[in-house]
Structures are given as structure tokens and as C-alpha cells.
Amino acid sequence: MAGTFMERVADARAAVPAIGVAEVRRRLHEDPNTLVVDVRDERDLRATGVIPGTHHVSLGTLLYKADHSLPEDWRDPELGDKDRPIVTTCGIGAMAAIAAKELKDLGFTNVAVLEGGTQGWIDAGQPTEPFAGA
């Protein structure tokens with residue numbers, strides 16, 4: 001078991017595939033059910049904007065919002081289908097990797113990480129939109 005943040009990131013990156021911006025765009029186009037989950041805190045989302053259509057679940061709440069064994073009112077309905085295609089993102093991808101591994105460990109079957117996170121998306125010339133809030 002990893003002890004430091006970077007050890008946890010390395011473990012997560014070894015366990016969950018990272019995909020590039022072009023692949024995320026392809027998946028979103030081919031399967032509108034694909035869910036992009038940004039796990040950053042709201043302050044960070046407001047500072048940089050988000051990938052259009054992104055769903056926000058902070059990393060700090062993901063474990064219980066995605067846990068199907070907990071009461072329904074604790075969970076996030078967008079995470080109700082463990083087979084739904086999910087791509088996690090954050091600023092540069094580290095927290096997103098941890099989030100994707102947590103989802104995988106909870107039994108989610110189709111999870112990937114956006115390589116480079118939202119910054120990678122921006123660097124590839126893709127649009128963002130202001131975070132609207134929860």
C-alpha cells in the first residue's frame with residue numbers, strides 16, 4: 001500500500017489506463033453516455049473552467065458518492081451504473097488517477113484517466129466553460 005501522495009498516484013497510474021484528449025473526444029462523440037468526472041475542489045474549477053459537460057464530484061466525496069452499498073441519498077446518481085464509461089480529470093491528472101483507481105476498486109468497469117488532466121485538454125486547444133457550481 002502506498003504511503004505518500006506520489007506513491008498513490010504511481011500505483012493508480014499503473015492500475016488504470018490513461019487516455020489522450022483525442023481519445024476522450026472520440027469516446028464522447030461515439031457514446032454520449034460517457035461521463036467526464038472532474039474531481040477538483042470548486043475553487044480550482046472556478047479558476048480554470050471545466051471541460052464542457054463535465055460532472056463534478058470532489059475527490060474528498062467520491063468514495064461515498066460512488067459506493068453502492070451506502071444509502072441512496074448519499075450517492076451521486078450519475079455514478080449509479082458501474083458499467084458506464086467514465087473518464088476522470090483534475091488539473092494535471094494526478095488526483096484524477098487516484099479517483100479512477102478508487103472507482104475501479106469500487107467495481108466500476110470502464111474507467112480511464114484523461115492524460116494531462118484539464119490542463120492537457122486546454123493545451124490541446126480544446127474549449128472549456130465556466131464552472132456553474134453545484
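Since every read-out is calculated from the coordinates, none of them should be taken as a lab result. Bear in mind that the values here come from a model prediction, so they are computed numbers and not experimental data.
Is it possible to state the helix-based mean residue ellipticity at 222 nm for the chain, with each DSSP H run of 4+ residues giving -39500 (n - 2.57), the sum divided by total residues, to the nearest 500 deg cm²/dmol? What is it? Walk me through the intermediate numbers first.
Numbers: 6 runs with 54 residues, N = 134.
Dividing the helical sum by the residues of the chain leaves -11500 deg cm²/dmol.
Compute the relative contact order of the chain as a whole-number percentage, counting only Cα pairs closer than 8 Å that sit 6 or more residues apart in sequence.
It rounds to 33 percent for the chain.
Over the chain, what per residue volume does the convex hull of the Cα atoms give, in whole Å³? Could the numbers behind the result be given before it?
Working: hull volume 14.1 nm³, N = 134.
Spelled out: Cα convex hull of the chain, divided by residues, is 105 Å³.
Length gain on complete extension for the stretch E78 to M6, per 0.36 nm per residue less the alpha carbon to alpha carbon distance?
Stretched out fully, the E78 to M6 stretch lengthens by 23.1 nm.
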